[in-house]
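Below is one structure, written out as structure tokens, with a few remarks after it.
The values are calculated or read from the model by the stated rules, or taken from the named source; none is laboratory data. As the structure is a computational prediction, the values presented were derived from the model and not from experiment. No Cβ is skipped: glycine too gets one built from the backbone with ideal geometry, and neighbour counts run over all protein chains shown. The area values use the complete protein model at the heavy-atom level, side chains included, leaving out ligands, DNA and RNA. Shrake-Rupley method; radii C 1.70, N 1.55, O 1.52, S 1.80 Å.
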Amino acid sequence: MGAAQRINGVLRKIPSWPIYILGPIPGLWVFWLAIQDRLGADPLQVLEHSLGERALQLLVLTLLVTPVRRLTGVSFLKFRRAVGLVAFIYVVGHLLTWLVLDRQLDLAEIWKEIVLRPYITIGMVGFLAMVPLAVTSNNLSIRKMGAAAWSKLHRLAYLAAFAGAAHYLLLVKSWPTEPIVYAAVVVALLAIRAWWAARRRIARRRAA
């Protein structure tokens, strides 16, 4: 038995449900620190940044599942849905922090910023792309939609990840390493998937 098979055997025994409990804990901890006024001079900015960055990290993890499986044979597929849903929780927390705590539900001001600030526009696109993913991340949706249609819909994860990386990159005032690294990783993962898809199309044409 190869190493990948042994690892997969161990992974099959590990349930995915603890991710739903453990995943939000870092976000709740940062929120608690904000309540305790322990996040420095601008706690709202730190809270927003922390929640948004965690969401982006988790989105990147969901995109890594397929390349890791194809390149190493190790499959984390059973955990991808849970990680994606926790990422959505962080995105919702990030958005609500901005809407409620930062902008205090001033709808006119919120709409103005969405329209006029590109990084907010892109961030909203990423959020809207994640909504149908979260709603249909269950076995009932797969059965009702069919596996093929469900799989096509969940390609929105690529858009969500790209929008999240672009949102982060445009948000910063300078060009620090961290958002550039996230953007580069997301672009590389999307490029790999596009290359694999192109190879499959070429193979199908040759077979026909």
Inset, instruction - Working carefully through the options Val65, Val115, find the one that is part of a helix (DSSP H, G or I) and open to solvent by less than 30 Å² (accessible area, probe 1.4 Å). - result: Val65
Inset, instruction - Evaluate the stretch 159-166: report whether one residue or more is in a helix (DSSP H, G or I) and surrounded by fewer than 17 Cβ atoms within 10 Å (Cβ to Cβ). - result: yes
Legend entry - Check on Ser141, hydroxyl-bearing (Ser, Thr, Tyr) and free of Cβ contacts under 8 Å to residues at least 40 places away in the same chain: yes
Legend entry - Lone qualifier among Leu47, Leu71, Leu33 - being crowded, with 18+ Cβ neighbours inside 10 Å, out of contact with any Lys or Arg (no Cβ under 7 Å at 6 or more places or on another chain) and part of a helix (DSSP H, G or I): Leu47
Inset, instruction - Name the single residue, out of those in the stretch 127-144 being open to solvent by 70 Å² or more (accessible area, probe 1.4 Å) and either modelled with pLDDT under 90 or not polar (S, T, N, Q) (or both), that is nearest to the chain's Cα centre (by Cα). - result: Leu128
